[in-house]
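None of the figures in this text is laboratory data; all of them are computed from the coordinates on show. As the structure is a prediction and not an experimental result, all values here were calculated from the model. Because the Cβ atoms are built from the backbone with ideal geometry, glycine has one as well, and the counts that use them run over all protein chains shown.
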Amino acid sequence: RSLKTLGTAVLGMSFLDKMTLPVDADVSYAYGLKNKSVTVQEDGKNKEVSVTTSFQYKYLDIEDGVTEIPDNMSLQNEYLKSVVIPVSVEYLGNHALAGSLEEITILGDCVRFHANAFGSGVYGNTVRSVKVNSLEQWFSFEFGDRSANPLFSQEQVTSKLYVKDGGGEYSEVKTLAVPATRKVKNAETGEITIEPITAIPDWIFPCCESFTSLNFQNNITAIGEGAFWGCKNLQSVNMDSVTSIGMQAFAWSGLTSVRIPDGVRVLSGGRNGAGIFAVCKSLKEVVFSNTDNLKELGASTFSDCTALEELTIPASVEKIGEQCFQGCTALKSLNFAGNNVKVIEGRAFNGCTALTSFVLPDGLTTVGEYFLQKTEGKTNKRMIVTYPVQLQYVYNGITLAS
C-alpha cells in the first residue's frame, strides 16, 4: 500500500497471479507490449531492451478510492477475464482494459470511457457480459466513441447487458424501458445534476443481443448515431414520436420491418454502409407514414438490405443520396408516389440486380455517376429505364451531359 509508482521494472514478469491497484498509485507504465522494445536507463544512458512477454495477471482488484484506470492497464493480458470497477472510478483510459476481458461489472455513475477503452483494431473488444446497477446508471455513462462501449464489437460478436432486479440479483435486460432521468456530471466543477431523457444517446447499445423489439415512449424524440448498431436479434421498433434518427442507428441489426415516423425530415446517412438501416439483411418491409415532412433519403440508408423486394418512395422526397439502395439485390419493384425527386446521387441503385424496369419521376433534374449500374458478376442484365425530358448527368461534380 506504500507503493506510489509501478514502472517498467514489471515488464519482464511473465506472470503474476494477482495484482491489487492501490489508491493514488501512478501506474501509467504498468504494462508491457509483447515483442516490442522499451527504453530503460543503465549507468545514466538510455538503452533499448526487448520485451518478450506482456504484463500478465489473472486477477485485478481495484480498491474503492481509485478514480482512474490508466491507459494500457491490461493491454494484451491474456489471463484477466473478469473485473469489477468500483464506485470511485470516474474514467477509463485508452486501451485500459483491452485484452481478453469477458465480463465487467461497473458500480459507479457518470463514468467516462476513452474511445478505445476496451480495444480497437488489432486489440478487439472481447467483453461479452456487462453488469450495471440500473438502466439509469447506464444512461449516465459517457462513451467517447463506439469502441468506448464495452458492448461494442467490430466483429459484431454480440454481448449481453445485465441490471439488478428487485432482489439485488443481476438479470438480462430483455425490454428497454428508457428511464425518465439520468445523472450528468460537470467535467469542470464535478457537480452532478439530474436531466430528463428525451433522446437515445449515440452508440449506447451496439451489439446488444438482448432486445427483440423496441417501443419508445412519447417523450423520446431522437435516436442517436449507432444506438442499436449490430443488434442482431432486434426485429421491430415503434418510434412514432421520433423526429431525428442518427447515422447507423439500426445498421447491421436484425430488423424485419420498420415504419418511418411522421416527424422525420431527413434519413441521415454516410457512404459505404453508414446509413441508418444499412446492411439490415432481414429487412423486408419499409412503411413511410402519410407525411409531407420527409425530404431526403440519405447516403446508404438502405444499402445492402438484401431481403427488401419492393418500395414506394413518398411524394415529399426531393433527394435520394449516394449508395442509398446499393446492393439491394432482391429489389424488384420501386415506385415514386410523386414527381418531387430532383436529385439522385451516384450509385444510388448500383447493384439492384432484380430490377427490370424503372420509371424516373418527371421532376428529376440531376443524376450522379453509375446511379443505375446493374452489374452481377461480369454479366449485365437488361433494364428498361424511362427518363424525364430534361436530365443532367453529373460525374464527380461536373455536368457531363444533358
- Query: When the dipole is taken about the Cα centre of the stretch 169-267, and only Lys, Arg (+1) and Asp, Glu (-1) are charged at their Cβ, what size is it in debye, to the nearest 20?
  - Reply: 200 debye
- Gap separating the Cα centres of the stretch 152-175 and the stretch 191-231, nearest whole Å: 15 Å
- In 10 Å bins starting at 0, how do the alpha-carbon pair distances of the stretch 190-327 split up by percent? 14, 46, 32, 6, 2, 0
- Query: Which of Asn293, Leu267, Gly254 sits closest to the plus end of the dipole of the stretch 249-293, meaning its Cα is farthest towards the positive end, when Lys and Arg get +1 and Asp and Glu get -1 on the C-beta?
  - Reply: Gly254
- Task: Quick one: dipole size for the stretch 310-364, taken about the Cα centre, charges +1 on Lys/Arg Cβ and -1 on Asp/Glu Cβ, in debye to the nearest 20.
- Result: 60 debye
- Note on the structure: Low-density loop GluC sites (Glu not before Pro), the stretch 164-270, at most 11 other Cβ within 10 Å, DSSP non-H/G/I/E/B, are Glu169, Glu188, Glu191
